[in-house]
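Trainee: Take a look at the following structure, please.
The values are calculated or read from the model by the stated rules, or taken from the named source; none is laboratory data. Worth saying up front: this structure is predicted, and the values here are computed from it rather than measured. Ideal geometry is used to build each Cβ from the backbone, glycine not excepted, and the neighbour counts take in all protein chains shown.
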Amino acid sequence: MDASEAFSDVEERGMRIDLEYLDRAIDFTEKKIQELGESLRKDDVFRIWRKKFGRSADLGKRKQLSEVLYKEMGYEIKKRTKSGEGATNQEAFEGITHPFVKDWVLHEQLKSLLAKNLKGTLKLVDPNGLLHPSFHFNLVTTYRSSSSDPNFHNYPNRDRRLAKIIRTAFVPRSEEYLLVEADYGALEFRGAACFWKDPEMIAYADDDTKDIHYDMAGQSYKLEREEVTKAVRGFGKNKFVFPTLYGSYYKNTARNLWEAIQIGHLQTADGLGLYQHLERQGIGSKEQFESHIENVASKFEKKFSVWAKKRDEWWDDYCKYGAFPLMTGFVCRGQCSYNNLMNTPIQGPSFHLLLWSMIRVNDLLREREMKSMVIGQIHDSISLDVHKDEFQEVMDMLEQVMTIDVREHWDWVVTRLEIEAEATSTNWYEKKPFAKNESGVWVAA
């Protein structure tokens with residue numbers, strides 16, 4: 001009930017959209033889509049496409065593209081449907097390095113961005129230039145939140161080209177405000193440490209010199225810490241750490257990490273492409289990389305041996321009772337896959353840490369009659385419009401609530417918590433890291 005009230009406040013306030021920029025972004029994206037479409041239709045691959053399908057050849061028909069690539073051009077099928085056919089979702093094509101396919105993927109991404117994010121956002125902005133996404137916390141089976149009208153959780157972020165186009169449209173509500181995002185650092189890994197009570201996992205989470213996502217990205221791609229960029233860290237987080245914690249097979253993990261290099265245009269901090277870097281490290285093929293990731297995953301399991309043992313016991317208990325509790329008191333019942341059984345007890349309570357903190361911050365801002373306000377939430381982060389005169393006080397409040405008060409509220413939190421803050425006076429895409437200096441003042445990091 002407290003969450004319902006807090007989300008109601010958030011939805012009513014809305015977030016400011018730069019409508020003039022958004023109109024320009026729509027025009028730019030429409031022209032780019034047209035240019036790419038014309039270029040694709042002149043390509044030799046489309047000549048093969050048109051020869052096979054004649055007048056029905058259509059760039060928007062993914063089934064046609066799969067037949068051209070797999071049957072006519074002999075590309076290996078990397079992902080299959082249940083019927084054994086080559087998968088036709090965008091992810092299935094992203095690992096193919098042919099220039100035509102890369103442009104086709106961008107063409108499809110821009111079409112989706114235009115329809116869902118750009119025009120979808122414009123359609124929902126109110127007469128005052130404010131967007132009011134809906135937030136829900138009763139629709140996701142892992143007890144996380146979701147968003148709709150529009151889906152604020154789903155604006156592009158990992159692909160910086162797409163992120164720049166749409167996120168530039170989100171701006172502070174006036175010149176007196178900063179747009180702030182306070183994100184929990186490695187929250188689900190810390191949630192896993194609390195749940196599994198693995199001493200090594202807890203010690204790792206409590207060591208402020210370590211970052212599991214940087215470290216595992218480095219091990220996966222054979223990089224030193226200083227060579228791991230923020231983008232590489234993100235793929236290490238989402239393609240190794242979470243899949244491994246949630247029961248993914250190492251071969252799937254290896255394939256996804258290998259393809260991520262192409263999809264994310266991943267480089268070392270010095271600008272060397274990761275395929276070239278790995279080749280210098282003696283890993284020049286997918287097969288060699290798979291063997292390497294098998295070794296990395298094995299070391300991960302040996303290091304966190306209590307987790308590795310307890311997950312099998314957790315599965316056996318679920319098979320016996322058909323239900324399992326969460327650390328925050330909810331009881332889950334019914335049919336559950338192995339991966340969901342490993343995911344839900346961590347992802348749900350981890351989100352509840354964020355939810356409790358968001359409710360508390362929202363209440364404190366109202367009680368103190370401050371001008372600053374919570375305007376959104378994305379998984380592990382809180383979005384706010386912070387009045388410039390209140391910036392220091394709000395940042396101290398966020399740190400206190402999100403790292404100290406929430407631990408006092410729930411005694412199952414046995415690791416330290418930390419926040420990573422970003423702020424901007426311009427737009428959402430250009431937000432920069434902020435941190436406390438030695439004097440306790442929040443400054444640009």
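Trainee: Which pairs have Cβ atoms under 8 Å, sit 6 or more apart or on different chains, and link a residue in region 221-244 that is closer than 20 Å to LYS432 by Cβ to one that is basic (Lys, Arg)?
Mentor: As it stands, the answer is ALA231/ARG158; ALA231/ARG160; GLY234/ARG158, since those pairs meet every condition given.
Trainee: Answer yes or no: is there a residue in region 278-293 that is closer than 24 Å to MET201 by Cα and touching a residue at least 40 places away in the same chain (Cβ under 8 Å). Before you say what the answer is, go through the steps one by one.
Mentor: Here is the first cut: in region 278-293, the residues closer than 24 Å to MET201 by Cα are 292-293.
Then drop every residue that is not touching a residue at least 40 places away in the same chain (Cβ under 8 Å), which leaves 292-293.
Within region 278-293, one or more residues are closer than 24 Å to MET201 by Cα and touching a residue at least 40 places away in the same chain (Cβ under 8 Å).
Trainee: Please state which of the following conditions TYR177 fails to meet, knowing it meets all the rest: (1) under 27 Å from ALA231 (Cα atoms); (2) in contact with a Lys or Arg (Cβ under 9 Å, 6 or more places away or on another chain).
Mentor: Single failed check for TYR177: (1).
Trainee: With surrounded by 15 or more Cβ atoms within 10 Å (Cβ to Cβ) and in contact with a helix residue (DSSP H, G or I) (Cβ under 6 Å, 6 or more places away or on another chain) as the only criterion, which of TYR204, TYR177, TYR221 stands out? Explain how you work it out, then say what you get.
Mentor: Working: TYR204 fails: in contact with a helix residue (DSSP H, G or I) (Cβ under 6 Å, 6 or more places away or on another chain); TYR177 fails: in contact with a helix residue (DSSP H, G or I) (Cβ under 6 Å, 6 or more places away or on another chain).
So the residue among TYR204, TYR177, TYR221 that is surrounded by 15 or more Cβ atoms within 10 Å (Cβ to Cβ) and in contact with a helix residue (DSSP H, G or I) (Cβ under 6 Å, 6 or more places away or on another chain) is TYR221.
Trainee: Looking only at residues that are farther than 22 Å from ALA254 by Cβ and among the β-branched types (Val, Ile, Thr) in region 287-341, which one is nearest to the chain's Cα centre (by Cα)?
Mentor: Going through the qualifying residues, I end up with THR328.
Trainee: Would you pick out the residues in region 131-186 that are among the hydroxyl-bearing types (Ser, Thr, Tyr), closer than 16 Å to TRP428 by Cα and out of contact with any Asp or Glu (no Cβ under 6 Å at 6 or more places or on another chain)?
Mentor: Just the residues of region 131-186 that are among the hydroxyl-bearing types (Ser, Thr, Tyr), to begin with: 134, 141-143, 145-148, 155, 168, 174, 177, 184.
Filter again for closer than 16 Å to TRP428 by Cα, leaving 155, 168, 174, 177.
Residues satisfying the conditions are TYR155, THR168, SER174.
Trainee: Let me ask something else. Would you point out the residue of region 74-99, among those that are hydroxyl-bearing (Ser, Thr, Tyr) and closer than 20 Å to GLN262 by Cα, that is surrounded by the most Cβ atoms within 10 Å (Cβ to Cβ)? Lay out the reasoning, then the answer.
Mentor: Here is the first cut: in region 74-99, the residues hydroxyl-bearing (Ser, Thr, Tyr) are 75, 81, 83, 88, 97.
Now restrict to residues that are closer than 20 Å to GLN262 by Cα: 75, 88, 97.
On the way: TYR75: 18, THR88: 16, THR97: 10.
This residue is TYR75.
Trainee: Something else now. Looking at region 49-68, is at least one residue within 30 Å of ASN427 (Cα to Cα) and not assigned by TED's automatic domain parsing to the domain that holds ASN157?
Mentor: no
Trainee: Condition check: more than 22 Å from the chain's Cα centre (by Cα), within 17 Å of GLU188 (Cβ to Cβ) and among the hydroxyl-bearing types (Ser, Thr, Tyr). Does THR344 satisfy that?
Mentor: Values: more than 22 Å from the chain's Cα centre (by Cα): no; within 17 Å of GLU188 (Cβ to Cβ): yes; among the hydroxyl-bearing types (Ser, Thr, Tyr): yes.
It is false that THR344 is more than 22 Å from the chain's Cα centre (by Cα), within 17 Å of GLU188 (Cβ to Cβ) and among the hydroxyl-bearing types (Ser, Thr, Tyr).
Trainee: Within region 151-174, can you find the residues that are surrounded by 14 or more Cβ atoms within 10 Å (Cβ to Cβ), under 17 Å from the mean Cα position of the chain (by Cα) and at pLDDT 90 or above?
Mentor: ASN151, PHE152, HIS153, TYR155, PRO156, LEU162, ALA163, LYS164, ILE166, ARG167
Trainee: Considering only residues that are part of a helix (DSSP H, G or I) and within 18 Å of SER381 (Cβ to Cβ), which ones fall in region 161-207? Steps first, please.
Mentor: First, the residues of region 161-207 that are part of a helix (DSSP H, G or I): 161-167, 187-196, 199-206.
Within region 161-207, ALA163, ILE166, ARG167, LEU187, GLU188, PHE189, ARG190, GLY191 qualify.
Trainee: On to the next question. How many residues are without any contact (Cβ under 8 Å) to a residue 40 or more places away in the chain and either among the aliphatic types (A, V, I, L, M) or not assigned by TED's automatic domain parsing to the domain that holds PHE137 (or both) if we restrict to region 360-378?
Mentor: 3
Trainee: Do we have any residue at all in region 388-406 that's surrounded by 17 or more Cβ atoms within 10 Å (Cβ to Cβ) and modelled with pLDDT under 95?
Mentor: no
Trainee: On the basis of being assigned by TED's automatic domain parsing to the domain that holds SER381, of a type in the set (D, E, K, R), under 32 Å from the mean Cα position of the chain (by Cα) and farther than 24 Å from VAL171 by Cα, does ASP2 make the cut?
Mentor: Working: assigned by TED's automatic domain parsing to the domain that holds SER381: yes; of a type in the set (D, E, K, R): yes; under 32 Å from the mean Cα position of the chain (by Cα): yes; farther than 24 Å from VAL171 by Cα: yes.
Here the answer is yes, as ASP2 does meet what is asked.
Trainee: Whether any residue in region 424-445 is buried (at least 17 other Cβ atoms within 10 Å of the Cβ), farther than 23 Å from MET15 by Cα and not charged (D, E, K, R) is what I want to check.
Mentor: Within region 424-445, one or more residues are buried (at least 17 other Cβ atoms within 10 Å of the Cβ), farther than 23 Å from MET15 by Cα and not charged (D, E, K, R).
Trainee: Another question about this same structure. State whether the residues of region 182-198 include one that is free of Cβ contacts under 8 Å to residues at least 12 places away in the same chain, surrounded by fewer than 19 Cβ atoms within 10 Å (Cβ to Cβ) and either not assigned by TED's automatic domain parsing to the domain that holds ASP396 or not hydrophobic (A, V, I, L, M, F, W, C) (or both). Spell out the reasoning first.
Mentor: In the first step, residues of region 182-198 are kept if they are free of Cβ contacts under 8 Å to residues at least 12 places away in the same chain; the result is none.
Looking for residues that are free of Cβ contacts under 8 Å to residues at least 12 places away in the same chain, surrounded by fewer than 19 Cβ atoms within 10 Å (Cβ to Cβ) and either not assigned by TED's automatic domain parsing to the domain that holds ASP396 or not hydrophobic (A, V, I, L, M, F, W, C) (or both), one finds none in region 182-198, hence no.
Trainee: Still on this model: On the given criteria, is LEU122 hydrophobic (A, V, I, L, M, F, W, C), part of a helix (DSSP H, G or I) and under 20 Å from the mean Cα position of the chain (by Cα)?
Mentor: On the way: hydrophobic (A, V, I, L, M, F, W, C): yes; part of a helix (DSSP H, G or I): yes; under 20 Å from the mean Cα position of the chain (by Cα): no.
The answer is no for LEU122.
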